[in-house]
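FYI, it's all coordinate maths here, none of it is from the lab. All values reported here derive from a predicted model rather than from experimental measurement. Note that we place each Cβ from the backbone using ideal geometry, even for glycine, and neighbour counts take in every protein chain shown.
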């Protein structure tokens, strides 16, 4: 928490059971949008059906019924009530009001697992220690947060519609949360009440992406995680927990790749949260590739954090470098597989495919790579 770009490990334990939404919370159920017309959505729709760099080959049998729907829980009204009372208050009062008016109202959301605090710490401890830094960072971004808080309700259905141009069989029936993530994440999937929820941290979207950012790649990245999970076979959650490094490379890398295919003109910042990440990672890419290949079967959450989170401890690994290496892996694997195969890769076939891709990226084979150009 309070670190840019922190993301929880795959399949964090479920948060405590959800309590009824408090009075005044904005809750709505949004039906899946109808299939878009040919002139809607992306301007890249002329790409032919074929391998993974192009449109997926979907048959009518793949398309889910239009009854797919999701529930929206907007926590931002509670945050704005807090801000109205806390903006001019002293820091101790601000902290008390945050706990009373936001955190306590949504105990199923404001947990260490959902927000993503350091291991072994409670949310209250992290909030108390980091609250001053959070509030200092927050104030300049409040106008952007207000705009996002109003506009995001219409953005998600629109972005979902453009996503379905390429993945028409998306069918998700969970809950979407809009919230102040206390510095935890911009977009994420989390386990809430035992079910996967899609969450957008309005504070971190404002902090990281700014007032003029193109948010569609971010939304498509998170939507792809949900789409990817549609193809989970029984027991895959345990498989992910047993190999967090392997699944981090593949799950995050494939989501970045899908967003890149949907947005071929997107910047590195839009795809990976940072323009600097790619250059920093490329400088040490041979060493990172060799290490990741050796640790594909690792169960170490420390290794996962060092490569995929914003609070990794190692100074020789750029923060969230695993996202970029994962993108390179996904691009390599996609050269010989269609989307239908990519989203279903699990178990030993997945491990072998990722290992082979990393092998092609090892020092003797690494060439200069430009992530902004198709490979």
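In terms of other Cβ atoms within 10 Å, 227, 324 run from fewest to most in the order 227, 324. Counting every pair of alpha carbons in segment 116-176, the share spaced more than 16 Å apart comes to 67 percent.
Note on residue 297 and residue 348: the model spin-label points, each 7 Å out from Cα along the C-beta direction, lie 1.2 nm apart. Fewest neighbouring Cβ atoms within 10 Å first, the residues 115, 75, 152 line up as 152, 75, 115.
Run through every distinct alpha carbon pair of segment 236-361 and return the Kirkwood hydrodynamic radius in angstroms, one decimal place. It works out to 14.5 Å. Over all distinct Cα-Cα pairs of segment 76-118, the Kirkwood formula returns a hydrodynamic radius of 10.9 Å.
Given their separation in residues at 0.36 nm each and the Cα-Cα distance between them, residue 275 and residue 85 gain 64.7 nm when the chain is fully extended. Available extension along the chain between residue 340 and residue 92 is 84.0 nm, counting 0.36 nm per residue and deducting the alpha carbon span. Averaged over residues, the count of other Cβ atoms within 10 Å places the peptides 306-312, 212-218 in the sequence 306-312, 212-218, highest first. So if each residue of separation counts as 0.36 nm, and I subtract the Cα-Cα distance between residue 230 and residue 146, what length gain in nm does that give? Value of the extension gain: 26.9 nm. Between residue 283 and residue 356, the C-beta separation translates, for a Förster distance of 25 Å, into a calculated FRET efficiency of about 0.55. Listed by Cβ neighbour count within 10 Å, with the fewest neighbours leading, 346, 305 appear as 346, 305.
Entry note: segment 125-238 has Rg to Rh equal to 1.01, where both radii use alpha-carbon atoms and Rh is the Kirkwood radius.
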